[in-house]
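Visitor: Could you have a look at this structure, given as structure tokens, before my questions?
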Amino acid sequence: MIKVSIITPIYNAEKYIIETIESVINQTYKNWEYILVDDCSTDNTVNLINDSFRNDSRIKVISSPSNGGAGLARNIGLEKASSNYIAFLDSDDLWSPTKLEKQIEFMQANNSAIVHCSYSFIDEESKSIPGRVNVSKYVDLNSYMKNTEIGMSTSLINRNIVGDFRLNPMRTRQDTKLWITLLGKGFIANGLDDDLVLYRIRHGQISGNKFVIAWRTLKLYLSVDSLPLMGRLSNFTHYAFNGIFKRLKK
């Protein structure tokens, strides 16, 4: 069985982290290591993890030397990962029990560089709320910029194909920057249209200010000089409408 390295950046995540880790432990696919990178939490997150999962050697907590944000924390995890198959999971999101099993099988069947899946939304109490993202079979740079359909917690990356990579240290949109970078190199992401991830919507989360995020996304799009300016602006318009539409889907 292929070993998968799962990476989660954690910062003051004590309310959700146990549920998130348990969604990994409950995977039908068992050959994984789980690297949680603490970004200088000030709450009881690390103690909670160590007390609850000290007997599972697959689960490792690594401390970041400074609070550098999710991008830098993920990079620390990438440096420690022992496998070339990388899955990301945010500290408040949840995986369906068959997430890894289905994605590994799908990746092997398609010889994929990147695999992602569909996902739906939950609230702070883990209750289902309106919204769903259905993924496309193939995603390239142009189509990704229109819909940003690759959720970080839905992704699986084969470093045997894409090579070594790192995330940008920017505080927000480092996930979008990663996909633009990899897809900009000509890699294709294969979408598995199974709802295998629950994405949590929280009050006050860093991605919650839609106007700020939209502005930062526009600046990021304008930096993609491999596409003509009008194409970049058109893609941003599609992105904005899709951002509204996905929150209304059942």
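Visitor: Lys30 label point, 7 Å along Cα→Cβ, cut-off 17 Å on backbone N: hits in the range 71-106?
Guide: 97-102
Visitor: Of Met152, Tyr11, Ser63, which is farthest on the positive side of the dipole of the chain, counting Cα position, with +1 on Lys and Arg Cβ, -1 on Asp and Glu Cβ, and the Cα centre as origin?
Guide: Value: Met152.
Visitor: Using helices alone, I'd like the mean residue ellipticity at 222 nm for the chain: each DSSP H run of four-plus residues gives -39500 (n - 2.57), total over residue count, nearest 500.
Guide: -11000 deg cm²/dmol
Visitor: Mind ordering 217-227, 75-85, 27-37 by average Cβ neighbours within 10 Å, highest first?
Guide: Details: 217-227: 14.6, 75-85: 17.5, 27-37: 19.2.
Result, highest mean Cβ count within 10 Å first: 27-37, 75-85, 217-227.
Visitor: What fraction of the DSSP beta bridges in the chain is antiparallel, stated in percent and rounded to the nearest 5?
Guide: 35 percent
Visitor: To continue, here is another question. Once the Cβ-Cβ distance between Cys40 and Ser83 is put in as r, and R0 is 25 Å, what FRET efficiency do you end up with, to the nearest 0.05? Numbers along the way, then the final one.
Guide: Values: r = 26 Å, r/R0 = 1.05.
That pair, Cys40 with Ser83, gives E of 0.45.
Visitor: Sticking with this structure for a sec: Sort His203, His238, His116 from largest to smallest accessible area, using a 1.4 Å probe on the heavy atoms of the protein chains.
Guide: Greatest to least solvent exposure: His203, His238, His116.
Visitor: Return, ordered by residue number, the residues of the range 173-187 whose backbone nitrogen is under 20 Å from a label point located 7 Å along Cα→Cβ of Ile213.
Guide: 173-181
Visitor: A further question follows. Just tell me which lysines come within less than 17 Å, Cα to Cα, of Lys60; anything on the same chain fewer than 8 places away is out.
Guide: Lys3, Lys30, Lys80
Visitor: Among the lysines, select those whose C-alpha is under 21 Å from the C-alpha of Lys219, and discard any that sit fewer than 8 residues away in the same chain.
Guide: Cα-Cα hits under 21 Å: Lys146, Lys177, Lys185, Lys210.
Visitor: Related question: Sequence gap at least 6, Cα distance under 8 Å: using those rules, report the relative contact order of the chain to the nearest whole percent.
Guide: 22 percent
Visitor: Nothing charged except the Cβ atoms of Lys and Arg (+1) and of Asp and Glu (-1): what's the magnitude of the dipole of the chain about its Cα centre? Round to the nearest 20 debye. Before the final figure, lay out the partial values.
Guide: On the way: 30 positive and 26 negative charges, 160 e Å.
Value, rounded to 20: 760 debye.
The values are calculated or read from the model by the stated rules, or taken from the named source; none is laboratory data. Because the structure is predicted, anything quoted here is derived from the model rather than measured. Note that each Cβ is placed from the backbone with ideal geometry, even for glycine, and that neighbours are counted across all protein chains shown. Ligands, DNA and RNA are excluded from the accessible area calculation, which covers all protein heavy atoms including side chains. Shrake-Rupley method; radii C 1.70, N 1.55, O 1.52, S 1.80 Å.
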